[in-house]
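Notes follow the structure.
The values are calculated or read from the model by the stated rules, or taken from the named source; none is laboratory data. If you're wondering where the values come from, they're calculated on a predicted model, not measured in any experiment. Positions of Cβ are backbone-derived with ideal geometry, glycine not excepted, and every protein chain shown enters the neighbour counts.
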Amino acid sequence: MGILPFAVLRFAQGNWAVGVADTFIILGIATLTTYAWWSGQTKRACVAVVFVYTLGGLFVASQIGPPGIMWMYPVLLTNFLLVRRLLAMTASLFALAALPLTGALEHSMDVIAFLVTGGITCAFSFIFAYRTDTQRAQLEDLACHDPLTGTYNRRALERELRIALEGHRRYGTPCGLAILDIDHFKQINDRYGHEAGDSVLMDFARLIQRQIRAGDRFFRSGGEEFLLLVPGATREGLLVFCEKLRACVAEQLHCNGEAITVSIGAAMLETDTEAGPWLARADAALYRAKHAGRNRVEFAAAEPAPAATATG
């Protein structure tokens with residue numbers, strides 16, 4: 001929208017080279033934006049856009065001189081809004097180095113002034129991009145973690161479940177799921193207050209996190225219920241691991257001198273194509289553990305293999 005009136009003006013003035021260059025930039029941005037909208041390949045489109053308007057801006061500056069240089073400042077700034085900082089800085093430094101070679105600036109002081117002001121623009125754009133990336137990472141971290149225990153939350157759980165299901169569907173990657181529920185947690189709150197209950201939740205989360213592997217994922221799904229994803233686990237391995245966690249909690253977790261225990265329901269990812277049935281089987285196993293006396297591990301029964309059908 002900003003370049004279009006100038007393209008019309010260049011054609012009206014008979015400056016066909018610059019008019020064609022402006023039209024090329026407009027069509028390039030419009031085409032790549034449409035491509036990004038329909039394909040979802042925004043990163044690839046952004047790199048191409050940077051390439052189009054950087055070269056276009058240099059060509060226009062070489063043709064019309066100082067007025068064209070004004071367009072290089074939004075070019076330098078926009079680079080840092082569209083692509084990663086390293087690539088943006090590379091493209092911007094290329095533009096800074098190439099523009100004096102186009103002959104757009106006749107006097108050495110003008111060249112120095114452009115290099116200094118362009119360099120300052122790049123520096124502040126880089127700082128802005130860095131702070132924006134840092135703040136986005138912090139916000140993503142806050143959005144995916146439980147503020148009390150520091151474990152992943154339900155939002156992160158949904159994402160990891162999708163990853164596990166996709167890995168199993170494509171490559172047959174096994175994955176175990178365990179739901180851990182602290183026994184009689186309501187009584188802890190009633191007897192000792194919510195502050196003591198919060199302390200138990202934090203101590204429980206730290207204890208479990210010390211036991212799990214780097215590739216395991218631990219979530220707080222709500223209240224006193226937690227969920228553990230164990231990629232690569234076998235049925236026997238998951239059962240042994242869950243029993244180890246149960247015993248560890250019973251031995252090491254206390255509140256006002258009273259031992260705290262946990263009930264665990266586990267299930268392997270088998271023929272599930274959605275997270276719901278997988279979670280339901282683990283939850284049913286947890287229900288059995290609760291009704292069998294708590295402080296125990298129950299495993300969901302393996303799903304029967306599909307029956308073979310005779311043909312002919």
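Assorted remarks:
- Qualifying residue in segment 78-88 (condition: among the β-branched types (Val, Ile, Thr), at pLDDT 90 or above, touching a helix residue (DSSP H, G or I) at 6+ places or on another chain (Cβ under 8 Å) and not in a loop (DSSP other than H, G, I, E, B)): yes
- Residue in segment 228-251 that is among the hydrophobic types (A, V, I, L, M, F, W, C) and under 13 Å from Thr151 (Cβ atoms) present: yes
- Members of segment 261-279 that are at pLDDT 95 or above and either among the small types (Gly, Ala, Ser) or in contact with a His (Cβ under 6 Å, 6 or more places away or on another chain) (or both): Ser263, Gly265, Ala266, Ala267
- Those helices (runs of 4 or more DSSP H) of segment 91-199 in which 2 or more residues are touching a helix residue (DSSP H, G or I) at 6+ places or on another chain (Cβ under 9 Å), buried (at least 16 other Cβ atoms within 10 Å of the Cβ) and assigned by TED's automatic domain parsing to the domain that holds Ala233 occupy 154-171, 185-192.
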